[in-house]
Amino acid sequence: MTAARATADRAGAAAEPAARSGARRLLPQRNPWRHPWLLEGFTWLYLIWSLVPIGLAVLFSFNNGRSQSAWQGFSWRWYFSDPVNSVLHNPQLHSAVIQTVRLSAYTTLIAVPLGVAFALGINRWRGITASAFNFVMLLSFVIPELIFGVAMFFVFTVLFTSVHLGTLAEVLGLVTWNVSWPAIIVQARLATLGRQYEEAAADLGANQFQAMRRVVLPLLSPAIFASAVLVFSGVIDDFVLVDLLNSSAGNTPMSVIIYSTQRGGNGGPALNALGTIMLLMSLVLAIIGFAGYRWLTRGERGSGVEALTTITGAEG
């Protein structure tokens with residue numbers, strides 16, 4: 001009895017250090033990176049440096065006077081109240097907003113279907129030629145937009161002179177530049193889905209057209225929607241292409257008006273109002289894109305971060 005008790009005591013004494021070691025492992029360990037004050041400080045400094053100038057520009061778009069340094073009271077004067085200089089009544093600024101929306105709509109309506117068709121074709125195409133065309137889809141991410149814009153300028157002024165500079169040339173250039181976005185995003189969605197749904201539809205008696213219309217395209221709708229939002233918002237703030245391909249004030253979008261006017265020293269609160277409208281359009285589109293993608297992919301595994309990366313074109 002004494003020997004058994006002594007053995008049990010020795011076993012308990014041997015197990016006690018192991019138990020304490022396990023308890024220490026279970027306790028929360030102190031993380032030296034739990035409060036990286038220096039990194040947080042740099043992050044806040046960057047945010048302040050980036051957002052404060054934008055906030056000031058937006059603030060002075062509501063200034064009652066012409067000054068961009070002294071606050072003279074809140075007013076909607078530069079948006080629609082001023083009968084001459086407001087965005088609503090100034091012909092140049094008003095036409096710039098309309099031209100921007102027009103270019104965005106035209107480019108989206110043309111580039112997204114083309115990009116979806118390219119994605120489907122490349123996904124089902126095998127061989128070296130398919131790889132080559134897939135590489136061509138990535139050229140807009142490699143070639144500087146300035147080089148591409150100059151090339152398109154010479155295309156319309158030297159080769160295809162029947163296409164005059166203006167809205168048509170701007171749309172053709174923007175479609176060529178932006179068609180890669182829907183092609184890549186839809187390809188990423190196709191790679192995620194695989195071929196099993198289309199094959200199951202074929203086993204149930206659907207032909208290729210029925211499988212495409214009733215199975216593939218509904219499954220691709222989140223990627224198509226994200227592509228449309230991305231292209232539309234990208235055209236809103238595009239500057240290089242539209243600056244090189246526009247011909248008159250009647251087909252000049254907001255980005256070119258803001259640059260040319262401010263650079264000439266003629267900027268004012270009305271220009272701030274135009275920039276605020278441009279910023280608001282981009283923010284609204286981002287919110288619509290995020291909410292729409294989350295709604296279209298409800299029930300699927302994923303998170304808000306995945307939705308944001310898809311909307312910004314980082315998926316795949």
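The values are calculated or read from the model by the stated rules, or taken from the named source; none is laboratory data. From a predicted model like this one, the values you see are computed outputs, not experimental measurements. Glycine gets a Cβ as well: all are built from the backbone with ideal geometry, and neighbour counts include every protein chain shown.
Could you list, in sequence order, all residues of the stretch 64-84 that are under 17 Å from Thr261 (Cβ atoms), under 32 Å from the mean Cα position of the chain (by Cα) and outside any helix (DSSP H, G or I)? Passing the criteria: only Gln68. Within the option set Leu172, Leu193, being surrounded by fewer than 22 Cβ atoms within 10 Å (Cβ to Cβ), closer than 30 Å to Leu245 by Cβ, aliphatic (A, V, I, L, M) and free of Cβ contacts under 8 Å to residues at least 40 places away in the same chain holds for one residue only, Leu172.
Taking the listed residues Arg66, Arg102, Arg77, the one that is modelled with pLDDT under 85 and either crowded, with 16+ Cβ neighbours inside 10 Å or in contact with a helix residue (DSSP H, G or I) (Cβ under 8 Å, 6 or more places away or on another chain) (or both) is Arg66, with no other qualifying. The single condition among (1) among the aliphatic types (A, V, I, L, M); (2) under 18 Å from Pro253 (Cα atoms); (3) touching a residue at least 24 places away in the same chain (Cβ under 8 Å) that Leu88 does not satisfy is (3). Exactly one residue among Ala226, Ala211, Ala286, Ala200 is free of Cβ contacts under 8 Å to residues at least 60 places away in the same chain, part of a helix (DSSP H, G or I) and either in contact with a Ser or Thr (Cβ under 8 Å, 6 or more places away or on another chain) or among the β-branched types (Val, Ile, Thr) (or both), and that residue is Ala286. Meeting the requirement of 2 or more residues that are of a type in the set (Ser, Thr, Tyr) and under 26 Å from Leu220 (Cβ atoms), the helices (runs of 4 or more DSSP H) wholly within the stretch 88-164 are 91-124, 128-136.
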